[in-house]
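Working notes, structure below.
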Amino acid sequence: MATLLTFTQLVPLQEAAALAPQDSTHLASTIEKLPDEIAWHNVKVANQRVYYTTTYYGGADGTGKIRARNFVGDLVFDLADPKARPDMGYGVSSDGRLYHFISTPQQYTLRVAIVAPDGTRLGDFGPTGQTAGTFDTGNGTPPEITVSPATGRIYVSDENAGSGFDPAKKGSIRVFDRDGNFLHEFQTTGILASTLEGSISHLLVRGDAQGKDELFVVDTYSGGNANFKVFGGDGQFRRLVTGGIFGPAGGSGPLNKAFLWGDRLVIPVNAGYNNNKIHIAPATVTDGSEVLTSISISTSVYVVGMHDSGGWIGVGGAGASGNGNDYVRVYSYPNFSNFDAVTRNAVPNPWVLRVTQRPGSGIVDLDYQVDDLNDSKVTTALIGFADGVASLNNVLPLKTVIEGTAGRIGANQPSGVVQRVTWNAGADWNVDFGTLRVMALARDSRSHWFDVHLVEIPADGQRPAVTISRNPLRESDFLAQFLWLVATKDASVELIDGVLFGTSGAYDGVILANGSTATAVGREFLLKRDGLRVATAAEITRAREGATPGFEVKLTPPVQMQRTHPEGSFPDKINEFGVESGSIGTAWYVVRESAN
């Protein structure tokens, strides 16, 4: 009888950086309003820029303005058009074209303007293309517009007629090429019972694996009941996306604030304007079991986009919901130094995109990807866990990798590319029913195991100099390294019933770790690889006191790693040398092994 398994996906753990796990972000920049900007509206992220509108149509000067800044706040695009209606929405293509609504002489009507990246108007179009005609707005649902990053096609909802909403046009979407030529029209209604479908309130589009468009539609019904309807660009219905991905205990997130980030779908969880969590799922998602990760947002901003390093962009201020905002904050997965403050290298971020069991068998297809801004090649590993617990007690090594996919794990794997590995889990795990968790790990070009930043505190009178890590290492930092050794079948260790032993030299037969906890010898075993050791109590006191004997300066850190991990964000407080001087819980500062 075939092995029957139930699989869940792990929130993937990134092994490469002890100081900066994958779920860490830091505040990289705050973008403030310019002097002529009263408030920001309709904020969105595209092409590594933050786009926003600064004046609604009919504002102080009657001009609609659409601007864009880069992630450090420089103004890179500025459009001022007396006909622009940015309050009705706009879309941005992957090549930088802007598509926004403009008013016409006839009341309650709009056309769509096409604007080049340098701000030049290239033309405009209506519901039948570049010929005459307008989109009706009336007092009905404002039209939605979105642009495909794959094909450049433009999707515009068109549900109104005359001075209001037209029930006969409910769910109507018109499709145009990048130059505004009409291609076809389709309806998104008729999929559910008519009483469960409303007018369109949000559109998202992406390119699927075949390079064809896939459209996510939120209507006024699904916006309150947590689902998307997904269509191909040809208008063919593909699937209904439902489930816990939209919030805790089935609660709804504001789906009209969801956005796509590459091949991932990002959804704010709370319906309020200060969401405190976002869910990230593969764009092929069908229900809540496919959430890749959840990121807690500890500041009062509203997440509106992501950038390539994996960090997120949020708006804040009076509205804090995409409208009426006072600033944009950019949070990044940071670059970290290797033992010094000069060499910088971005952290590799691995993702388990999908875990799929083939029907009637114990064969599992694992799709994963590693994002790395600085390295085109990385070294990877995959490891499984029984019962969904990431611990040495529950390790399931991938021994039986089949169908020629073993070469997609290990050295010289391309970053930014989805890799499929096929594992005969039934051969490696002799159970009839179980819950499996899968973790992806990655190393990049950095030579050190622990990505610590050593800071030198100079001698002061009778007090000696000390070079020590700014932040201590946590238990999870050591566990990640041990899991890497197990996943890569490193000959220096042997795992027996959840206990990890050394196999050679002074560590032969010595317990290095048990379950999720490293022993003192185990920490020594790992730190020696980087020429480090755990700091003594005297060295820690010297470092935390800094220039003030007998007293620890406790300053609020200008940058803090925002973590969803139970060990919390860090640093809590810092002294004048930037050394963690606040509460650290169970953690270990480290120094060079050669230090006396």
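Going by the structure shown, is T405 open to solvent by 40 Å² or more (accessible area, probe 1.4 Å) and of a type in the set (S, T, N, Q)?
no
Given L382, L398, which one is closer than 30 Å to F501 by Cβ, in contact with a Phe, Trp or Tyr (Cβ under 9 Å, 6 or more places away or on another chain), open to solvent by less than 60 Å² (accessible area, probe 1.4 Å) and not in a strand (DSSP E or B)?
Answer to the check: L398.
Is there a residue being within 14 Å of L473 (Cα to Cα) and at pLDDT 90 or above anywhere in the range 564-579?
Yes: one or more hits.
Return the residues of the range 356-379 that are in a strand (DSSP E or B), touching a helix residue (DSSP H, G or I) at 6+ places or on another chain (Cβ under 9 Å) and open to solvent by 10 Å² or more (accessible area, probe 1.4 Å); say none if nothing qualifies.
If the condition is that a residue be in a strand (DSSP E or B), touching a helix residue (DSSP H, G or I) at 6+ places or on another chain (Cβ under 9 Å) and open to solvent by 10 Å² or more (accessible area, probe 1.4 Å), then Q357, I363 are the ones that fit.
Would you be able to tell me the number of residues in the range 435-446 that are open to solvent by 10 Å² or more (accessible area, probe 1.4 Å) and farther than 28 Å from I574 by Cβ?
Within the range 435-446, the subset open to solvent by 10 Å² or more (accessible area, probe 1.4 Å) is 435, 437, 443-446.
Of the ones still in play, those that are also farther than 28 Å from I574 by Cβ are 435, 437, 443, 445.
Adding up the residues that qualify gives 4.
Just to verify a result, which residue in the range 491-519, among those that are hydroxyl-bearing (S, T, Y) and part of a loop (DSSP other than H, G, I, E, B), is least open to solvent (accessible area, probe 1.4 Å)?
From the range 491-519, those hydroxyl-bearing (S, T, Y) are 492, 503-504, 507, 516-517, 519; that's our starting set.
Of the ones still in play, those that are also part of a loop (DSSP other than H, G, I, E, B) are 492, 503-504, 516, 519.
Details: S492: 23, T503: 47, S504: 66, S516: 52, T519: 41 Å².
The selected residue is S492.
If you take the residues in the range 120-140 that are modelled with pLDDT of 85 or more and among the charged types (D, E, K, R), which one is surrounded by the most Cβ atoms within 10 Å (Cβ to Cβ)? If you could, list the steps in order and put the result at the bottom.
Looking only at the range 120-140, we keep the residues that are modelled with pLDDT of 85 or more, and these are 120-127.
The next check asks that each one be among the charged types (D, E, K, R); those that pass are 121, 124.
On the way: R121: 14, D124: 19.
The selected residue is D124.
I need the full set of residues from the range 12-65 which are hydrophobic (A, V, I, L, M, F, W, C) and at pLDDT 70 or above, in order please.
Residues satisfying the conditions are I31, L34, I38, A39, W40, V43, V45, A46, V50.
Please go through the range 447-489 and pick out each residue that is under 12 Å from W588 (Cα atoms), in a loop (DSSP other than H, G, I, E, B) and open to solvent by less than 10 Å² (accessible area, probe 1.4 Å).
V452, P472 - these are the residues of the range 447-489 that are under 12 Å from W588 (Cα atoms), in a loop (DSSP other than H, G, I, E, B) and open to solvent by less than 10 Å² (accessible area, probe 1.4 Å).
Listed residues P117, P149, P143; which is open to solvent by less than 20 Å² (accessible area, probe 1.4 Å), in a loop (DSSP other than H, G, I, E, B) and at pLDDT 80 or above?
Details: P117 fails: open to solvent by less than 20 Å² (accessible area, probe 1.4 Å); P149 fails: open to solvent by less than 20 Å² (accessible area, probe 1.4 Å).
Matching residue, one of P117, P149, P143: P143.
In the range 399-419, what count of residues is obtained for those that are in contact with a helix residue (DSSP H, G or I) (Cβ under 7 Å, 6 or more places away or on another chain) and in contact (Cβ under 8 Å) with a residue 40 or more places away in the chain?
The number of residues fulfilling the criteria is 1.
The values are calculated or read from the model by the stated rules, or taken from the named source; none is laboratory data. Model, not experiment: these values are computed from the prediction. Cβ: placed from backbone, ideal geometry, glycine included. Neighbour counts: every protein chain shown. All accessible areas refer to the heavy atoms of the entire protein, side chains included, with ligands and DNA or RNA removed. Shrake-Rupley method; radii C 1.70, N 1.55, O 1.52, S 1.80 Å.
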